[in-house]
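The values are calculated or read from the model by the stated rules, or taken from the named source; none is laboratory data. Note that this is a predicted model, so its numbers are computed, not measured. We place every Cβ from the backbone using ideal geometry, glycine too, and count neighbours over all the protein chains shown.
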Amino acid sequence: MDRVSRRKGRREFLFLQGLAGPFFALLGQRLAQAGHGVRRINFNGGDKLYWRAPAATDYRGSLKRWPAFLDSYLDRAPATDLVLFGDCRPLHAAAIKVARARGMQIHVFEEGYIRPDYVTVEADGVNGHSQLPRLPEDYLRAARALPPLVEHQAVASSFGRRAREDLTYNLGSFLLTPLFPGYRTHRPWHILVEYAGWAARLLRKRGGMRRSSATIDQLNGDGRPFFVFPLQLDCDYQIRVHSGFKRIQPAIEHVLASFAAHAPADTLLVVKGHPLDNGLTDWEKKTRAVAEKLGIADRMLFIAWADIDPLVRAARGVVTVNSTTGTLALRYGVPTIVLGDAVYNIPRITHQAGLGAFWSKPQAPEVEVFDAFRRVLVDRCLIHGGYFSDEGLNMLIEGAAARIEASMPGAPAVRLTAPGAAAIDAFKAASLRG
């Protein structure tokens, strides 16, 4: 198997798909400025639009032909490192197998395990594929050598910016479809179908917010203790790959059935809609239908539009498949049970005695263990920053570049400076021109 020489600390980075936006392009620029080789393979027009750097190759073939293409590409242009966002996309999963066979280092980005204000980057895999330990003793032992957590300033994040970057990416993908005849999105819907759902949902938003506000008033006035069940996206790989449910509907049915059978009669269940749901499925209607069938319609409240933070703080417990809302709840000391695979599903942090027992005797997290868990995550795989503001990108690019450099065996860590607002503005201008 071919390996690229590590002489003088030089690396050869191959980038694949990132989150819609300029992050990967800016990170690539910084690594190139540090003297490394940086290349990219584009799979669609959105990838091509957001990579404003040289050394890009367009892959126009199918998923079936992709592993052979990548193997041949790496024979011609060997690389030391593979950089990508998410490890479950079919194209990425296939690329990781090829990269491992060649001894390449793999850097997988995701949104943060602990939110807000952090982004995740791990070697080899994230979430259910993570190499993080799963025993509390391992975290307590590792944390002894780590400093206390520093409370960072909150990272600005704009939903409007996220929506614009997503729209730009998907429009680029749609308009340049003829250039990439073999590309098939990893998402289950065509992008035009998704945007139609989003448009309809946004048209209904005002009425939905009024109903949600009335439901919160009802909850506050009721006085009964309640549990929170935050829904996750039906298309999320956390559900499709890292849980036994495969879709969110079976999870809804499982949680509500358990609540009906085991929860004390004086408790309520609050089901919270996901803020990024595309509106193609009426989850409120489906959830109410399940509650009606189980005879708990008067004890189940559905809230589509609301800040999850105050709901979680006030809850008796949180039930999740594997949402990062779980780490938010644990941070507040709220008992949490995980029904799928999650890096934070660790004894003495999450409830381990089963869902039936959770409703009556939820186990609270041990503060010392959760603190150790957070410190180890920040040390090993979390970067302070964010994707959806210039401030967040500034911190993220510096932290990501330094983290990747430091992960190289035998190579000195290279401290990179953040790109600054000028670099980000220049990238935006170039994208608009292109």
For this session: Residue by residue through segment 102-151, note down the ones that are in a helix (DSSP H, G or I) and either on the phi > 0 side of the Ramachandran plot or not charged (D, E, K, R) (or both).
Result: N127, G128, H129, P136, Y139, L140, A142, A143
Exercise. If you go through segment 56-72 one residue at a time, do you hit one that is outside any loop (DSSP other than H, G, I, E, B), closer than 22 Å to P181 by Cα and either among the β-branched types (V, I, T) or in contact with a Ser or Thr (Cβ under 7 Å, 6 or more places away or on another chain) (or both)?
Worked result: yes
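Is it true that A99 is buried (at least 21 other Cβ atoms within 10 Å of the Cβ) and in contact with a strand residue (DSSP E or B) (Cβ under 6 Å, 6 or more places away or on another chain)? Outline the logic, then answer.
Working: buried (at least 21 other Cβ atoms within 10 Å of the Cβ): yes; in contact with a strand residue (DSSP E or B) (Cβ under 6 Å, 6 or more places away or on another chain): yes.
The answer is yes for A99.
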Problem set entry | Checking A353 against (1) of a type in the set (A, V, I, L, M, F, W, C); (2) more than 28 Å from R141 (Cα to Cα); (3) part of a loop (DSSP other than H, G, I, E, B); (4) at pLDDT 95 or above, the condition it does not meet | (2)
Problem set entry | Residue match in segment 141-154 (condition: buried (at least 16 other Cβ atoms within 10 Å of the Cβ) and either polar (S, T, N, Q) or in contact with a strand residue (DSSP E or B) (Cβ under 8 Å, 6 or more places away or on another chain) (or both)) | no
Exercise. Would you pick out the residues in segment 152-173 that are part of a helix (DSSP H, G or I) and of a type in the set (A, V, I, L, M, F, W, C)?
Worked result: F159, A163, L167, L171
Exercise. Part of a helix (DSSP H, G or I) and free of Cβ contacts under 8 Å to residues at least 12 places away in the same chain - does that describe any residue in segment 218-230?
Worked result: yes
For this session: Looking only at segment 179-190, decide whether some residue is farther than 30 Å from K285 by Cβ and not in a loop (DSSP other than H, G, I, E, B).
Result: yes
Seminar exercise, completed: Per the filter on segment 275-299, residues touching a residue at least 24 places away in the same chain (Cβ under 8 Å), assigned to a helix (DSSP H, G or I) and of a type outside the set (V, I, T) are W283, K286, A291, L294
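Of all residues being of a type in the set (D, E) and modelled with pLDDT of 90 or more in segment 164-195, which is nearest to L276 (Cα to Cα)? Just the residue, please. Quick ask: steps written out before the conclusion?
Within segment 164-195, the subset of a type in the set (D, E) is 165-166, 194.
With the extra rule that they be modelled with pLDDT of 90 or more, the set shrinks to 165-166.
Working: E165: 14, D166: 12 Å.
By that ranking, first place goes to D166.
Considering only segment 357-386, state which residues are assigned to a loop (DSSP other than H, G, I, E, B) and buried (at least 23 other Cβ atoms within 10 Å of the Cβ). Walk me through it before giving the result.
Of the residues in segment 357-386, the ones assigned to a loop (DSSP other than H, G, I, E, B) are 359-366, 381, 385-386.
Residues satisfying the conditions are P365, C381, G385, G386.
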Exercise. How many residues are surrounded by fewer than 16 Cβ atoms within 10 Å (Cβ to Cβ), in contact (Cβ under 8 Å) with a residue 24 or more places away in the chain and farther than 19 Å from F69 by Cβ when one looks only at segment 178-194?
Worked result: 4
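Going by the conditions given, is A99 in a helix (DSSP H, G or I), more than 19 Å from the chain's Cα centre (by Cα) and of a type outside the set (V, I, T)? Break it down into steps so the answer makes sense when it comes.
Details: in a helix (DSSP H, G or I): yes; more than 19 Å from the chain's Cα centre (by Cα): yes; of a type outside the set (V, I, T): yes.
Judged against the criteria, A99 is a match.
Select, from A32, A94, the only residue that is in the same structural domain as E391 (by TED's automatic domain parsing) and over 26 Å from the mean Cα position of the chain (by Cα). Give the steps one after another, and end with the answer.
On the way: A94 fails: over 26 Å from the mean Cα position of the chain (by Cα).
Residue meeting the stated conditions: A32.
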For this session: Please specify each residue of segment 250-274 satisfying the condition of being surrounded by 14 or more Cβ atoms within 10 Å (Cβ to Cβ), in contact (Cβ under 8 Å) with a residue 60 or more places away in the chain and not polar (S, T, N, Q).
Result: A251, H254, V255, F259, H262, A263
